[in-house]
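The values are calculated or read from the model by the stated rules, or taken from the named source; none is laboratory data. Every value quoted in this text rests on a predicted model; they were computed, and no experiment measured them. Note that we place each Cβ from the backbone using ideal geometry, even for glycine, and neighbour counts take in every protein chain shown. Accessible surface is based on the protein model in full, side chains and every heavy atom, while ligands, DNA and RNA are left aside. Shrake-Rupley method; radii C 1.70, N 1.55, O 1.52, S 1.80 Å.
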Amino acid sequence: MAETARLQAGDQIVELPVVVGSEGEKALDIAKLRAETGYIALDPGYGNTGSCQSDITFIDGDAGILRYRGYAIEDLAEYSRFIEVAYLLIWGELPNAEQLDEFSALLTKHQMLREELKQHFSLFPPNSPPMAVLSSVLNALSCYYPELLEIQDEETFTEAAARIMSKVRTIAAYSHRQQLGHHIEYPHPRKRYAENFLHMMFSQPYNEFDADPALVDALDLIFLLHADHEQNCSTSTVRMVGSSEANLFASVAAGVSALWGPLHGGANVAVVNMLETIRAENVSVGDYVAQVKDKKAGIRLMGFGHRVYKNFDPRAKIIKKSCEKVLAKLHINDPLLDIAKELEAVALEDEYFIQRKLYPNVDFYSGVILRALGIPKEMFTVIFAIGRMPGWIAHWYEESKATKISRPRQIYTGSVQRTYQPLAERP
Ligand code: CMC
């Protein structure tokens, strides 16, 4: 017999069906709770709420496990490239050689932006935040592809997905060039995904950027490690927007906005800001950690802690290794890396962090690698967004098969009904 849970609410007892996931995770299905008892579930921040059932990504935060479509992140990081993993996330299976070639060719075909769309970039004021530009221009893509606004079949979905996957990198690089007042560099027809992005960021008409393969690999790895992370803030946003049947362009543009904040994707910038402050103000790591623990200063140790991981974030371990490798290979001696390592060592031994199960997350070391790549700080969260795109697309598609619009309820805590006072009678 299927497992149920018994809940007493007021004087009523209800049997709630238990839903079990493929890794044995359990949930109480409360879909009928309100209809049967008049109660709703209240869970600000959704720490205990499953918003959907999903086949895409599995996380066991206590054990520090992350798998995309059943494959361990460690294996994917070791043996795959970002584009292969994007295919896996979006279509559910690792591609064979032919499928991968086809997908790569589709990305190459769609990497340009329409010339009219290019003009949008010059209309943003200088120093516009690239996340604002990225979100706006992704949304603007919906004006150029009316035939992709309603996804009727897998073919239309593939077209829309490939366009977004490819153009996001072009838009991101253009937003950077525009900030500098530089010309826009077209994508290169033969460069691969990450290398092409670096080309569009840094090539000049008189000097084609020749990226060191170690840097290209490191960037590809960063994209891959960010590619999905189940129902985080931005992915839930994409799913929520998509649940109203809003198109894929509009939905991923909303994902970019959600990602922007420092508690989510913006943390990679916040980490580097923190490391720079520690260095510039010559604060000792011990004093900085003491300030964080004291809480009066209202500062957190950025790049530490995670809603789901109460153990090492497996992505952080991989990024730390890659960071050390890249910096050693390029003979870069970045004092921020030394500060980051010292902070990590101090925090991991400290009772405050141990008790709260706060470990380094994916953002703790990624900023240091991005600095080594010559990527300016304001572009760090944009890089996260490029990496997260296949995850958003996969979740949007999965959500498009669901039948209900997302519409949470609330417990109202404002005034009870009041008598209206005309303006002249108000005190
Ligand atoms: N530094 C110091 N204290 C912390 C930190 C931190 N980074 N993170 C959590 N805490 C403390 C918090 O003050 C609270 O303490 P107390 O119990 O005394 O009130 C306790 O730990 C629980 O914190 P919380 O805010 O309830 O935890 P949460 O699950 O709501 O927040 C988080 C998760 C990621 C927002 C948070 O850990 C944080 O702000 N970290 C720093 C920002 C960061 O690195 N974000 C990137 C997350 S990974 C990439 C991504 O998914 O976007």
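Below is a table of values for the structure above.
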| read-out | value |
| --- | --- |
| Pairs with Cβ under 6 Å, 6+ apart, first in region 402-427 and closer than 26 Å to Ser244 by Cβ, second in a loop (DSSP other than H, G, I, E, B) and open to solvent by 100 Å² or more (accessible area, probe 1.4 Å) | Ile411/Leu42 |
| Failed item, numbered, when Ala347 is tested on (1) away from the ligand (no atom under 11 Å from the Cβ); (2) part of a helix (DSSP H, G or I); (3) in contact with a helix residue (DSSP H, G or I) (Cβ under 6 Å, 6 or more places away or on another chain); (4) not hydroxyl-bearing (Ser, Thr, Tyr) | (1) |
| Residue under evaluation Ala424, criteria (1) exposed (fewer than 11 other Cβ atoms within 10 Å of the Cβ); (2) in contact with a helix residue (DSSP H, G or I) (Cβ under 9 Å, 6 or more places away or on another chain); (3) in a helix (DSSP H, G or I); (4) of a type outside the set (Lys, Arg), criterion not met | (2) |
| Residues located in region 223-266, provided they are closer than 20 Å to Val308 by Cα, among the β-branched types (Val, Ile, Thr), away from the ligand (no atom under 11 Å from the Cβ) and open to solvent by less than 20 Å² (accessible area, probe 1.4 Å) | Val238 |
| Hits in region 281-315 - residues which are part of a helix (DSSP H, G or I) and either β-branched (Val, Ile, Thr) or near the ligand (Cβ under 9 Å from one of its atoms) (or both) | Val285, Val289, Val292, Lys293, Arg315 |
| Selected residue (criterion: nearest to the ligand (Cβ to nearest atom)) from residues of region 316-328 that are open to solvent by less than 40 Å² (accessible area, probe 1.4 Å) and either among the β-branched types (Val, Ile, Thr) or out of contact with any helix residue (DSSP H, G or I) (no Cβ under 9 Å at 6 or more places or on another chain) (or both) | Ile319 |
| In region 329-347, the residues that are free of Cβ contacts under 8 Å to residues at least 12 places away in the same chain and surrounded by fewer than 16 Cβ atoms within 10 Å (Cβ to Cβ) | His331, Asn333, Asp338, Ala345 |
| Enumeration of residues in region 26-59 that are within 30 Å of Glu74 (Cβ to Cβ), free of Cβ contacts under 8 Å to residues at least 60 places away in the same chain, in a loop (DSSP other than H, G, I, E, B) and open to solvent by 100 Å² or more (accessible area, probe 1.4 Å) | Asn48, Gln53 |
| When residues of region 351-382 are limited to those that are polar (S, T, N, Q) and open to solvent by 10 Å² or more (accessible area, probe 1.4 Å), the one modelled with the highest pLDDT | Gln355 |
| The lone exception for Gln119 - which of (1) on the phi < 0 side of the Ramachandran plot; (2) open to solvent by 20 Å² or more (accessible area, probe 1.4 Å); (3) part of a loop (DSSP other than H, G, I, E, B) it fails | (3) |
| Residue in region 98-106 that is surrounded by 11 or more Cβ atoms within 10 Å (Cβ to Cβ), over 17 Å from Val241 (Cβ atoms) and in contact with a His (Cβ under 7 Å, 6 or more places away or on another chain) present | no |
| Residue list for region 186-207, filter: out of contact with any Asp or Glu (no Cβ under 9 Å at 6 or more places or on another chain) and of a type outside the set (A, V, I, L, M) | Tyr186, Pro187, Pro189, Arg190, Lys191, Asn196, Phe197, Tyr206, Asn207 |
| Among the candidates Leu16, Leu42, Leu66, residue that is within 21 Å of the chain's Cα centre (by Cα) and aliphatic (A, V, I, L, M) | Leu66 |
| Criterion violated by Glu208 - all others in (1) more than 16 Å from the ligand (Cβ to nearest atom); (2) open to solvent by less than 20 Å² (accessible area, probe 1.4 Å); (3) of a type in the set (Asp, Glu) satisfied | (2) |
| Residue check for Phe353: touching a residue at least 60 places away in the same chain (Cβ under 8 Å) and within 14 Å of the ligand (Cβ to nearest atom) | no |
